[in-house]
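Participant: Please find one structure pasted underneath; my questions will follow.
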Amino acid sequence: MISIGLDLSTTNSGLVELHNGVLHKFTLISPNKEKDIYDRSAEVIENILLWDIPSNAKIVIESGALYGKGKRNELAMLNGAVFYCLKMKGFDVSMIPPSKLKKWAVGKGNAKKEDMRAGIAPLILETFLNKYKKVDDLIDAYFLALWGYSCLSQ
């Protein structure tokens, strides 16, 4: 069973692939900051589709928080564009609200980044940190993929 977690943001988007619940590969997509949201969305989508996602993968995307700070409209557009493109390609895609993911992952729907970091297996965290300095988006993507895997294995 293949599950993929996709934590989208207008700065860095984390993409994690698990095979039978085990980390298989991961990447951080950092679109060019000079581009507008339409071009950035296209860049993220192109990166995702170039990643050669298996057609039988379960993909889980974190939906944008309505109360979130920052570029709420841009994030909503990015989520919608990615969701639409993946569904049009025939993928099994689900969205989960951040509070539901946090509650599932670490027991608190209002968990902070530090709580999520503390909740991940140390070896996974070390693997992410060996490649990237900022790993919060990968941590969220990992939990999204793990949630997808738990749904598949029920």
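The values are calculated or read from the model by the stated rules, or taken from the named source; none is laboratory data. Keep in mind that this is a model prediction, so the values were computed, not measured. Every residue, glycine as well, gets a Cβ built from its backbone with ideal geometry; the counts of neighbours run over all protein chains shown.
Participant: Give the residues of the range 27-69 that are closer than 23 Å to residue 98 by Cα and either at pLDDT 85 or above or touching a Phe, Trp or Tyr at 6+ places or on another chain (Cβ under 6 Å) (or both), sorted by residue number.
Facilitator: The answer is 27, 28, 29, 57, 58, 59, 60, 61, 62.
Participant: Taking residue 108 and the conditions (1) touching a Phe, Trp or Tyr at 6+ places or on another chain (Cβ under 8 Å); (2) more than 21 Å from residue 44 (Cβ to Cβ), which numbered condition does it fall short on, given that it satisfies the others?
Facilitator: Unmet for residue 108, out of (1) touching a Phe, Trp or Tyr at 6+ places or on another chain (Cβ under 8 Å); (2) more than 21 Å from residue 44 (Cβ to Cβ): (1).
This table checks each residue for (1) of a type in the set (A, V, I, L, M); (2) free of Cβ contacts under 8 Å to residues at least 60 places away in the same chain; (3) part of a helix (DSSP H, G or I).
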{"site": "73", "(1), (2), (3)": "no, yes, yes"}
{"site": "78", "(1), (2), (3)": "yes, no, yes"}
{"site": "81", "(1), (2), (3)": "yes, yes, yes"}
{"site": "84", "(1), (2), (3)": "no, yes, yes"}
{"site": "102", "(1), (2), (3)": "no, yes, yes"}
{"site": "118", "(1), (2), (3)": "yes, yes, yes"}
{"site": "124", "(1), (2), (3)": "yes, no, yes"}
{"site": "149", "(1), (2), (3)": "no, no, yes"}
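Participant: Also: Kindly indicate the residue of the range 41-56 that is touching a residue at least 40 places away in the same chain (Cβ under 8 Å) and not β-branched (Val, Ile, Thr) and also surrounded by the most Cβ atoms within 10 Å (Cβ to Cβ) among those meeting that condition.
Facilitator: Let us first name the residues in the range 41-56 that are touching a residue at least 40 places away in the same chain (Cβ under 8 Å), namely 41, 45, 48-49, 53-54, 56.
Those left that are additionally not β-branched (Val, Ile, Thr): 41, 49, 54, 56.
Working: 41: 22, 49: 13, 54: 10, 56: 10.
Only one residue fits best here, namely 41.
Participant: I want to confirm something. Restricting to the range 105-123 and keeping residues that are more than 15 Å from the chain's Cα centre (by Cα) and of a type in the set (A, V, I, L, M, F, W, C), which single residue is surrounded by the fewest Cβ atoms within 10 Å (Cβ to Cβ)?
Facilitator: 123
Participant: On to the next question. For the range 92-104, which residues satisfy the criterion of being farther than 22 Å from residue 38 by Cα and not β-branched (Val, Ile, Thr)?
Facilitator: Of the range 92-104, the ones farther than 22 Å from residue 38 by Cα are 92, 94, 96-104.
Selection gives 92, 94, 97, 98, 99, 100, 101, 102, 103, 104.
Participant: Also, quick follow-up: For the range 86-100, how many residues meet the condition of being surrounded by fewer than 17 Cβ atoms within 10 Å (Cβ to Cβ) and either β-branched (Val, Ile, Thr) or part of a helix (DSSP H, G or I) (or both)?
Facilitator: Total satisfying the criteria: 4.
Participant: Give me the residue from the range 13-62 that is over 14 Å from residue 147 (Cα atoms) and polar (S, T, N, Q) and, out of that set, nearest to the chain's Cα centre (by Cα).
Facilitator: Looking at the filtered set, the residue picked out is 13.
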